[in-house]
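> One structure, as C-alpha cells, below. Some questions next.
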Amino acid sequence: MKESYSINRCPVCGHSSFKHFLNVPDWLVSKEIFELQQCEQCQFVFTANAPLEKDAGPYYNSEEYVEHSDTSSGLIYSVYHVARRAMLHYKYMKIKRLHVGKKLLDVGSGSGYFMNFMKKKGYDVTGVEISEKAIALCKKNFGIKAHSPSEFLEEKLDTDYDIISLWHVFEHVYSYDAYFELFSKSLNNNGYLILALPNCDSQDARMNKSYWGAYDTPRHIWHFTSKTIELFAMGRGFKMIKKHRMPLDPFFNVMVSDSYKDKFTFLPLTLLKGLYSYIISLLNIEKSSSIIYIFQKNT
Ligand SMILES: [Zn+2]
C-alpha cells in the first residue's frame, strides 16, 4: 500500500479533529476512491488520502486533462475550447478594472493562453508551470518562457509584481505555506493576488455529490468555500477585497458531472441543470460553481 499525503492539522484553522465528508472516485484517471474529510472547527474540506507529491504525476496522465493538453475531441472539450476565449476576455476585464500596474505573474500558467492574451493587452507576463509538456507548448505556440515551480520557490524570479494570478491552480498545491509566503514577498504593497477556485459549497457541488466534476480527486487536495479561503488567506496576511462569479463554470461542471453518471448524456437536460445552478449563483455568489477571489496584502 502506497503512503499517502497526511494532513494532521487543518491548514485553515490549525485544528486537528476531522470528520468524514464524502467518498469521491477519481473518475478521470485511476478510478481509485478518495476520502474527503472536513475540519470539525472551521468546516474546511480536503482530500484526506491524496498521493504524496512525488507520486502524483501518474494521476495527471490523461488526454482528457485539458488543463495541460491541447487536444480538442469530444463535445465537452470542444465547448471548453470555445468557452476559453470568452473567459480570457472576462478575466482581462476584471484585472483591468483593478487599475494597477501591468507586471503579472501567472502561477500554473499551463499552455500559456492567458499569458499570451494578457501580453497582447500590454502586460509584462511571467509564468510558473509544473508540466514540462505545457512549458514546451507555451514556448512553441506563443514564444513565452514559463519557469519551473522550484525557480519560483527558490526566489529566482522578480519580486515586484502588480498581479499574481492562479486560475484553478491553488487547489492542487501541496506546499501551500511556501507559496503564500512567496506571494507575499513577490507582490507590491498595492498589488493584487487573484485566486480562482472551485466552490464545494456551490449549488452544483451539492446537487452532484461524489459526481461533482470539480472535486477532481486526488488532483484537487483542497476544497475551499468562500468562508474557508477567506480565513486561510487572513491567517497568512491577506485580506479579501472582491469576489466574482465564473459564469461558464456551472455549465462546464454540470456537463462533466453528468458525463461521469451515464454512458448517454442528454445535453438539453444537462444545460438546464447548468442554467439552474447559474441562476442560483446570481442570487447568491457564495453558491457559485467557482469564484474568483481578489486579495491584497495587509500592510
Ligand atoms: Zn479548520
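> Would you mind finding the one in F251, F266 that is aromatic (F, W, Y), over 25 Å from V100 (Cβ atoms) and loosely packed, with under 15 Cβ neighbours inside 10 Å?
Numbers: F251 fails: loosely packed, with under 15 Cβ neighbours inside 10 Å.
F266 is the lone residue from the list that is aromatic (F, W, Y), over 25 Å from V100 (Cβ atoms) and loosely packed, with under 15 Cβ neighbours inside 10 Å.
> Specify the residue that is nearest to the ligand (Cβ to nearest atom); the eligible residues are those in segment 1-38 that are in contact (Cβ under 8 Å) with a residue 40 or more places away in the chain and loosely packed, with under 12 Cβ neighbours inside 10 Å.
E3
> While we're here: Could you please tell me which pairs satisfy a Cβ distance under 8 Å, a separation of 6+ or placement on different chains, a first residue in segment 44-55 that is without any contact (Cβ under 8 Å) to a residue 60 or more places away in the chain and within 16 Å of the ligand (Cβ to nearest atom), and a second residue that is of a type in the set (D, E, K, R) and part of a strand (DSSP E or B)?
Correct list of pairs: A48/E35.
> Suppose the filter is among the acidic types (D, E) and under 19 Å from the mean Cα position of the chain (by Cα); does D216 pass it?
Taking the combined requirement at face value, the residue satisfies it.
> Here's another thing I want to ask about it. Can you confirm whether segment 89-97 contains a residue that is away from the ligand (no atom under 16 Å from the Cβ), out of contact with any Gly (no Cβ under 6 Å at 6 or more places or on another chain), among the aliphatic types (A, V, I, L, M) and modelled with pLDDT of 90 or more?
Of the residues in segment 89-97, the ones away from the ligand (no atom under 16 Å from the Cβ) are 89-97.
Remaining after also requiring out of contact with any Gly (no Cβ under 6 Å at 6 or more places or on another chain): 89-97.
Okay, now just the ones that are also among the aliphatic types (A, V, I, L, M), so 93, 95.
Cutting the leftovers down to modelled with pLDDT of 90 or more gives us 93, 95.
Yes.
> Just a yes or no: is a residue in segment 199-219 out of contact with any strand residue (DSSP E or B) (no Cβ under 6 Å at 6 or more places or on another chain), touching a residue at least 24 places away in the same chain (Cβ under 8 Å), crowded, with 20+ Cβ neighbours inside 10 Å and at positive phi?
Within segment 199-219 (the criterion being out of contact with any strand residue (DSSP E or B) (no Cβ under 6 Å at 6 or more places or on another chain), touching a residue at least 24 places away in the same chain (Cβ under 8 Å), crowded, with 20+ Cβ neighbours inside 10 Å and at positive phi), the answer is yes, since at least one residue qualifies.
> May I ask you to list the residues in segment 205-240 that are closer than 19 Å to L282 by Cα and at pLDDT 95 or above?
Listed by number, the residues that qualify are T225, S226, K227.
> With closer than 24 Å to S78 by Cα and out of contact with any Asp or Glu (no Cβ under 7 Å at 6 or more places or on another chain) as the only criterion, which of M255, M234 stands out? Show your work before the answer.
On the way: M234 fails: closer than 24 Å to S78 by Cα.
So the residue among M255, M234 that is closer than 24 Å to S78 by Cα and out of contact with any Asp or Glu (no Cβ under 7 Å at 6 or more places or on another chain) is M255.
> Hey, can you tell me all the residues within segment 237-248 that are surrounded by fewer than 18 Cβ atoms within 10 Å (Cβ to Cβ) and not aliphatic (A, V, I, L, M)?
Once the filter is applied, which keeps residues that are surrounded by fewer than 18 Cβ atoms within 10 Å (Cβ to Cβ) and not aliphatic (A, V, I, L, M), segment 237-248 yields G237, K239, K242, K243, P247.
The values are calculated or read from the model by the stated rules, or taken from the named source; none is laboratory data. Since we're looking at a predicted model, the values are computed, not measured. Note that each Cβ is placed from the backbone with ideal geometry, even for glycine, and that neighbours are counted across all protein chains shown.
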